[in-house]
Amino acid sequence: VNERARVLAVIRFGGFSSEMKIEKYKNKLAAIISENNLKTTGPYMYMGYNAPWDVTNRRNEVAVEVVNINE
């Protein structure tokens with residue numbers, strides 16, 4: 001499937017994810033975006049990269065599309 005190119009603002013966190021943890025990092029990312037005067041477009045996304053049985057070195061991200069300032 002072809003996906004259009006886009007620019008994302010992303011924050012990474014480790015450990016097991018939960019709704020509360022995802023919301024916490026969404027709020028942190030929103031604050032960073034606001035501090036840097038960026039504009040978002042679309043919803044925030046959660047991305048988890050590990051299998052459920054992976055216990056260590058877990059990687060998670062919360063992301064949102066931002067307006068590309070180069071356009």
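The values are calculated or read from the model by the stated rules, or taken from the named source; none is laboratory data. The shown structure was predicted, so the numbers you read here are calculated from the model rather than taken from an experiment. Backbone-built Cβ (ideal geometry, glycine too); neighbour counts: all protein chains shown. Each accessible area value is taken on the protein alone, full model and side chains, heavy atoms only, with ligands, DNA and RNA left out. Shrake-Rupley method; radii C 1.70, N 1.55, O 1.52, S 1.80 Å.
What the table shows:
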read-out	value
Positive-end residue of I33, S17, Y49, charge dipole of the chain with Cβ unit charges	S17
Formal net charge of residues neighbouring S17 (Cβ-Cβ distance under 11 Å; K, R +1; D, E -1)	+1
Extension gain, K24 back to V67 (0.36 nm per residue minus Cα-Cα distance, nm)	13.2 nm
Estimated distance in nm for a label pair at E35 and F16, the labels positioned 7 Å out from Cα along Cα-to-Cβ	3.0 nm
Accessible-area value, S17, 1.4 Å probe, nucleic acids and ligands omitted, Å²	50 Å²
Dipole magnitude of the chain about its Cα centre (Cβ charges: Lys, Arg +1; Asp, Glu -1), debye to nearest 20	140 debye
For the chain, Kirkwood radius (reciprocal of mean inverse C-alpha pair distance, Å)	13.3 Å
Efficiency of FRET from Cβ geometry, Y49 and V1, R₀ 22 Å, rounded to 0.05	0.70
Within the chain, helix-based [θ] at 222 nm, where runs of 4 or more DSSP H residues each add -39,500 (n - 2.57), nearest 500	-8000 deg cm²/dmol
The chain: angle of helix 19-35 to the longest principal axis, Cα-based, in degrees nearest 10	30 degrees
Sequence-distant aspartates and glutamates (8 or more away, or on other chains) whose Cα lies within less than 19 Å of K21	D54, E61
Summed residue charge, Cβ within 10 Å of N60's Cβ, Lys/Arg positive, Asp/Glu negative	+3
